[in-house]
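J.: Starting off with a structure, shown below.
The values are calculated or read from the model by the stated rules, or taken from the named source; none is laboratory data. Because the structure is predicted, anything quoted here is derived from the model rather than measured. Positions of Cβ are backbone-derived with ideal geometry, glycine not excepted, and every protein chain shown enters the neighbour counts.
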Amino acid sequence: MFDPEKVPAYLRTIVPSLWGSLIAWLVLQVPQIPDNVHVWLVTPLVVSAVVSAVIVAWYAFWRWLEPRMAPWLTRIVLGSNLTPSYTYDESESTDDDDYVDYADVPDGDGNFVTDSAGKWNADDIGNPTPSGE
């Protein structure tokens, strides 16, 4: 389902990723890079790492500069002048019937590993009663 309130978040993810990918691609097009280095730079692992690092650097730099720049420039470099806001919608929460309290799950021997207060005790694993009782 499309949620218009999430558009700034999508834009602020996609646009910096596009900028970072473009910059990383341009760096790999520099003709002065020696052939032996260029061969290493175009391996999938290195390309992924370089693109990711450029995206992170791009986003971090512009987020730092954002309070000091014009709104139109923010839209160009980050995709949106609005910072995303996330609201909690109780109707989207999980159903209590699906909730599993792992304090109530027995260990491999069928014994519970928490005391009556629900506090886990490593000494209780395999022992049907909490230690000290």
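One line per residue, one yes/no per condition, for (1) in contact with a strand residue (DSSP E or B) (Cβ under 6 Å, 6 or more places away or on another chain); (2) in a loop (DSSP other than H, G, I, E, B); (3) of a type in the set (A, V, I, L, M, F, W, C); (4) at pLDDT 90 or above:
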| site | (1), (2), (3), (4) |
| --- | --- |
| ASN36 | no, no, no, no |
| TRP40 | no, no, yes, no |
| TRP64 | no, no, yes, yes |
| THR83 | no, yes, no, no |
| TYR86 | no, yes, no, no |
| VAL100 | no, yes, yes, no |
| ASP109 | no, yes, no, no |
| ALA117 | no, yes, yes, no |
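J.: Please name all residue pairs, on different chains or six or more residues apart, with Cβ atoms under 7 Å, provided the first residue is in the range 64-75 and is surrounded by 13 or more Cβ atoms within 10 Å (Cβ to Cβ) and the second residue is in a helix (DSSP H, G or I) and among the charged types (D, E, K, R).
T.: THR74/GLU66
J.: Among the numbered conditions (1) in the same structural domain as LEU18 (by TED's automatic domain parsing); (2) closer than 28 Å to PRO4 by Cβ, tell me where PRO84 comes up short.
T.: Tallying (1) in the same structural domain as LEU18 (by TED's automatic domain parsing); (2) closer than 28 Å to PRO4 by Cβ, PRO84 fails exactly one: (1).
J.: Looking at (1) hydroxyl-bearing (Ser, Thr, Tyr); (2) touching a helix residue (DSSP H, G or I) at 6+ places or on another chain (Cβ under 9 Å); (3) surrounded by fewer than 14 Cβ atoms within 10 Å (Cβ to Cβ), which is the one condition that is false for SER48?
T.: Single failed check for SER48: (2).
J.: Let me ask something else. In the range 21-34, which residues are outside any helix (DSSP H, G or I) and either surrounded by 13 or more Cβ atoms within 10 Å (Cβ to Cβ) or among the hydroxyl-bearing types (Ser, Thr, Tyr) (or both)?
T.: Listed by number, the list holds a single entry, ILE33.
J.: Is one or more of the residues making up the range 3-18 in a loop (DSSP other than H, G, I, E, B) and exposed (fewer than 11 other Cβ atoms within 10 Å of the Cβ)?
T.: yes
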